[in-house]
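These notes are about the structure you will find just below.
The values are calculated or read from the model by the stated rules, or taken from the named source; none is laboratory data. Note that the structure is a prediction, hence the values are computed from the model and not measured. No Cβ is skipped: glycine too gets one built from the backbone with ideal geometry, and neighbour counts run over all protein chains shown. Just the protein is used for accessible areas: all its heavy atoms, side chains included, with ligands, DNA and RNA removed. Shrake-Rupley method; radii C 1.70, N 1.55, O 1.52, S 1.80 Å.
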Amino acid sequence: MKLHEHTITNISSILAGIISIIIATSIPAIYFFSTYKYMGGSINAELVVTAQTIEEFVIRNPNSWQFEEIRLKEVLEHKIDSSSHDNKIIKDLSGNVIAEIREPLAPPVVIFSEPIYDSGVQVASVEIEHSLRALYFRTALIGVLSSVLGIITFLAFYFFRKRI
């Protein structure tokens, strides 16, 4: 009977460890990917609005819109989320910068892009560069807290197993 109790004890300890690891890793992973997806959707929405506004400049003046740097910068300065710090850049098809609004960004940086069209033909693109550093730090903090929760869960299983 002792061998059977010892096997159940080992299995329950392994199971408690697996559950604790799942808790410690899944919470920060879910947070990171859901927040990244939300951030990406927000930035893409801003890109679409910015690209449509720039396309209006292109339609009004197709031969010289790219020389209206002051007006293009005004378009780039508008933000849906005023708390975000992003770089916005308009580039022609050769990759030359037409207009830009830059702030120092901490790495790592992710770049989102949206084409700008004139009568169905791409003439340029607008890019938004966004730092992921704040997201990494928040995910790390949540990782520490979920690891503590995982340890507490393991210890609860461990002491509960000893009482039985």
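When you check A24 against the structure, is it open to solvent by less than 40 Å² (accessible area, probe 1.4 Å) and in a loop (DSSP other than H, G, I, E, B), yes or no?
no
Kindly indicate the residue of the range 120-149 that is of a type in the set (D, E, K, R) and more than 15 Å from G40 (Cβ to Cβ) and also farthest from the chain's Cα centre (by Cα) among those meeting that condition. Walk me through how you get there before you give the answer.
Step one: filter the range 120-149 for residues of a type in the set (D, E, K, R), giving 127, 129, 133, 138.
From what's left, more than 15 Å from G40 (Cβ to Cβ): 133, 138.
Numbers: R133: 10, R138: 12 Å.
Step by step, filter the range 120-149, then rank; the result is R138.
How many residues does the range 34-58 contain that are in contact (Cβ under 8 Å) with a residue 60 or more places away in the chain and open to solvent by 70 Å² or more (accessible area, probe 1.4 Å)? Reasoning before the result, please.
Taking the range 34-58 first, the residues in contact (Cβ under 8 Å) with a residue 60 or more places away in the chain are 35-36, 39-40, 43-44, 46-48, 50-51, 54-55, 58.
Subsequent filtering for residues that are open to solvent by 70 Å² or more (accessible area, probe 1.4 Å) retains 36.
Total satisfying the criteria: 1.
Going through V110, V75 one at a time, which residue ends up being open to solvent by less than 40 Å² (accessible area, probe 1.4 Å) and in contact with a Gly (Cβ under 9 Å, 6 or more places away or on another chain)?
V110
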